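K.L.:
Okay, here's the structure, questions in a sec.
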Amino acid sequence: MASAGLYGVVLDHAHPHEVAAAPASLISETAKMVCLNSGVSAAGCHSKLILGGIALVGVGAAIGFFACKKASCCSTRVNKKIKLGESKVADTVDLEDIGEKKAFCRCWKSEKWPYCDGSHGKHNKETGDNLGPLIVKKKE
């Protein structure tokens, strides 16, 4: 048993799991109907549809670009916890306080700032980075 389906396409109900493919002429006719109903020539209508699609893709790309740029701009700070209220972090250590050897933090994660406490090890495992301390020792 056959019946007229959407846009007059004849569907065969003998095989309910099969979907009739819309012929290319039907798609072309549908496009013509849309363009003709808009009061513009078919060529002008298609040009407007193409330009509209290009504009939509351009706007989407611009939004994606600026969203990505905004998301990445704020994560560039390295020091996230040591003397954040100061415009620049600078510490002085007397040579007499160093003794034979001291390791100074360069990862900005140490709880014993300015000395290294090994916090860079966890950071290196998480990020694949290769941070390490500055080691100062007396000349032999």
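The values are calculated or read from the model by the stated rules, or taken from the named source; none is laboratory data. Note that the coordinates shown come from a computational prediction; the quantities given were computed from them, not determined experimentally. All Cβ positions, even for glycine, are placed from backbone atoms using ideal geometry, and neighbour counts span all protein chains on display.
K.L.:
Could you please give the count of residues in segment 47-81 that are at pLDDT below 80 and β-branched (Val, Ile, Thr)?
P.N.:
Final tally of qualifying residues: 1.
K.L.:
Moving on to the next point. Restricting to segment 69-127, name every residue that is more than 27 Å from LYS138 (Cα to Cα), surrounded by 10 or more Cβ atoms within 10 Å (Cβ to Cβ) and charged (D, E, K, R).
P.N.:
Across segment 69-127, the qualifying residues are LYS81, LYS83, LYS122.
K.L.:
Here's another thing I want to ask about it. Here are some conditions: (1) of a type in the set (D, E, K, R); (2) part of a helix (DSSP H, G or I); (3) at pLDDT 60 or above. LYS32 meets all but one. Which one does it not meet?
P.N.:
It is condition (3) that LYS32 fails.
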